[in-house]
Ligand SMILES: *Cc1c(COP(=O)(O)O)cnc(C)c1O
């Protein structure tokens, strides 16, 4: 069970909405910091050191990224813009993981310039990099375990996923990279998304640790870090439990001691690149009820739409909803909570039991701090909302303004 708590009240939001009209996302700095610290503490045993490279795509806002830098995280980037955000924050190269796929040469070039850890998605990219830019001294390779690993709903079955090297390619890849001058090696896999079972990550660790040993035996090369990827899930539903990172950590520690150490692979640094679990639970999409509609169903129409939060429409994902000021009222209405897109999947909830609502009520959609605002789009001429930061001292800061019609027209050539 996970209590769905809101770290602000209706009065604060009413006041905020005078300055920043709804809808907006608001992020809770105290919660983000607490989560970052708990993650770091869970892995404090790792001999070479543990680091989470926050997946920038989850919440690409430099104000939040700066908080994560203070908490000791690096950044996992996969595009030019994400690299530019890390550069803007003066992130050292060691703290940037460039995990991309189908990558243009300019993006590899930028990553190499920044001294980032280049995480290769394909065997051919080794020679591609060598031919175009020179292979960096440090490279990481992304492993796709194929049928060794079961699937997961969001990311799909590994065999059908476009990412990563096969096992044979990994071994050959380290040999080839060494021939072309690489001297430091990392191993990576990312095979789950929004996974709530802690054992899943331990199993990924086992696969990667054993592969690192195989690489050592077959090539004589030792990896200096192993990146377990992101994908730690969050309890979007109140009846779900958060992943116990201590349990993940304990499982990995045992494997470290029984698989890596006896093979002489110690110290090895352990990395992850979680986005969702770091900021997801600490973001809230605040929206106002615009209309109530009764037809074959009972509809609550919001001033937010799928452009602000795509997950329910795209994945049928559950996001908890609270009505501010009505937290203690009985959930007597069965409603569809909708946005205003001309798409019938523009619904935040279907057949959800909620308290009776009126136009003007303030609604909070939970767990929008990752893959929320960042997945937004402009379909139907919808403009992306503002992002606010609820700071540790209780003050609120605008960290991204809402788009305007001017932004919408800015890319048109009207001459
Ligand atoms: C999306 C992604 C992540 C982050 O996933 P979360 O679910 O936000 O933890 C990490 N690494 C890679 C390669 C990704 O594509």
What's the percent breakdown of Cα-Cα distances in the range 43-274 across 10 Å bins, shortest bin first?
8, 34, 39, 18, 2, 0
Got the relative contact order for the range 43-274 handy, in percent, Cα pairs under 8 Å and 6 or more residues apart?
21 percent
Could you sort 46-52, 96-102 so that the peptide with the highest average Cβ count within 10 Å comes first and the rest follow in order?
96-102, 46-52
Per Stokes-Einstein, at 4 °C and 1.567 mPa s, what whole-number D in µm² s⁻¹ belongs to the range 172-302, with the Kirkwood radius over Cα pairs as the hydrodynamic radius?
74 µm²/s
Taking 0.36 nm per residue of separation between residue 180 and residue 17 and subtracting their Cα-Cα distance, the length gained on full extension comes to 52.9 nm
Computed [θ] at 222 nm, deg cm²/dmol, the chain (DSSP H ≥ 4; -39,500 (n - 2.57); rounded to nearest 500):
-8500 deg cm²/dmol
Hey, with R₀ at 35 Å, roughly what FRET efficiency would residue 344 and residue 101 work out to, going by the Cβ-Cβ distance, to 0.05?
0.60
Between the alpha carbon centres of the range 74-98 and the range 296-316 the gap in Å comes to 33 Å
Model label zone, residue 377; criterion: amide N under 19 Å from point 7 Å along Cα-to-beta-carbon; scope the range 298-324
304-318
How large is the direction-averaged shadow of the alpha-carbon convex hull of the chain, in nm²?
22.0 nm²
GNM result for the chain, Cα springs below 10 Å: residue of 342, 140, 77 fluctuating most strongly
342
The FRET efficiency for residue 131 and residue 81, from their Cβ-Cβ distance with R0 = 25 Å and rounded to 0.05, is 0.45
How far, in nm, would the chain grow between residue 10 and residue 210 when pulled straight, counting 0.36 nm per residue and subtracting the alpha carbon separation?
66.8 nm
How many nm separate the modelled label positions at residue 124 and residue 293, each set 7 Å beyond the Cα in the direction of the Cβ?
4.8 nm
Could I have the simple spin-label model distance between residue 393 and residue 257, label points 7 Å from Cα toward Cβ, reported in nm to one decimal?
4.6 nm
Find the relative contact order for the chain and round it to a whole percent, using C-alpha pairs within less than 8 Å whose residues are 6+ positions apart.
19 percent
Using mean Cβ contacts within 10 Å as the protection proxy, how do 393-399, 118-124 order, highest first?
118-124, 393-399
Hypothetical label at residue 407: residues of the range 74-113 whose amide nitrogen lies under 18 Å (7 Å Cα-Cβ projection):
81-82, 85
Ranked packing of 82-94, 303-315, most packed first, by mean Cβ within 10 Å:
303-315, 82-94
GNM top mover of 284, 318, 53 - the chain, alpha-carbon springs below 10 Å:
318
State the Cα centre-to-centre distance between the range 163-227 and the range 27-55 in whole Å.
23 Å
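None of the figures in this text is laboratory data; all of them are computed from the coordinates on show. Since the model is a prediction, treat every value here as computed from it, not as a measurement. As a convention, Cβ positions derive from the backbone with ideal geometry for all residues, glycine included, and neighbour counts pool all protein chains shown.
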